[in-house]
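The values are calculated or read from the model by the stated rules, or taken from the named source; none is laboratory data. Computed from a predicted structure; not experimentally measured. Note that we place each Cβ from the backbone using ideal geometry, even for glycine, and neighbour counts take in every protein chain shown. Keep in mind that these areas ignore ligands, DNA and RNA; they rest on the heavy atoms of the full protein, side chains included. Shrake-Rupley method; radii C 1.70, N 1.55, O 1.52, S 1.80 Å.
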Amino acid sequence: IYQQYFMVSNAAQLILMEMKEKQYDLRKMYDYAVIQINDTHPSMIIPELIRILVNDKAFTMDEAIEVVSKTCAYTNHTILAEALEKWPIGMFSKLLPRVYQIIDEISRRWHESFDTTQEGWQERLRQTAILWDGEIRMANLSVICSHSVNGVAKIHSDIIKNIVLKDFYALTPEKFNNKTNGISHRRFF
């Protein structure tokens, strides 16, 4: 947790420092930067950036969540549920209490956004919850707070849409797309 937090906090501060130097409007950060969350390990960039915007830059929580969600994009690298990073709430909340408060607030807002009149809403909420069964689900946080979600090959993107993140895909299909990683033809001079 400390290593991941250290890295994402430094990255967030660097991005904000460069934006300040260039006199960019932080409220339109998404016009100048995209933060690509490459698998779940850097997912803490979401609550950390929100924390800095709220605590240090006079954003409201609503403004910070909106700006960060429009700035972040998530690449899922695994189809194995056990490989999707999860943190014990008890440990995480003791080590990073303010970051945990922000995750808890995002989770609360996600729960409140559900249409409880739709059939199957409880199972869909369980599958997409950020906080569940004593854990923080970092992949779910990444999907909820990103404007784009992709796999690393067409078949992988199809698997995350149809199996791994199918409940998210059912709720927000416009977020899902494919980016193929790997070798491309290059010319060397």
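For beta carbons closer than 6 Å, sequence separation of 6+ or different chains, a first residue in segment 66-88 that is farther than 16 Å from GLN36 by Cβ and in contact (Cβ under 8 Å) with a residue 24 or more places away in the chain and a second that is open to solvent by 20 Å² or more (accessible area, probe 1.4 Å) and acidic (Asp, Glu), the qualifying pairs are LYS86/GLU135.
Considering only residues in segment 99-114 that are at pLDDT below 95 and part of a helix (DSSP H, G or I), the one that is farthest from the chain's Cα centre (by Cα) turns out to be GLU112. None of LEU141, LEU131 is open to solvent by less than 80 Å² (accessible area, probe 1.4 Å), farther than 18 Å from LYS166 by Cβ and not aromatic (Phe, Trp, Tyr) except LEU131. Consider MET17 carefully, then state whether it is touching a helix residue (DSSP H, G or I) at 6+ places or on another chain (Cβ under 7 Å) and over 18 Å from LEU141 (Cβ atoms). Spelling it out, it is not the case that MET17 is touching a helix residue (DSSP H, G or I) at 6+ places or on another chain (Cβ under 7 Å) and over 18 Å from LEU141 (Cβ atoms). Residues that are of a type outside the set (A, V, I, L, M, F, W, C) and part of a loop (DSSP other than H, G, I, E, B) within segment 23-33 comprise GLN23, TYR24, ASP25, TYR32, listed in sequence order.
Of all residues in segment 38-61, those being modelled with pLDDT under 95 and of a type in the set (Val, Ile, Thr) number 1.
Scanning segment 6-33 for residues being open to solvent by 90 Å² or more (accessible area, probe 1.4 Å), within 23 Å of LEU96 (Cβ to Cβ) and of a type in the set (S, T, N, Q) gives a total of 1. Using the structure shown, decide if SER157 is crowded, with 19+ Cβ neighbours inside 10 Å and modelled with pLDDT of 95 or more. Taking the combined requirement at face value, the residue does not satisfy it.
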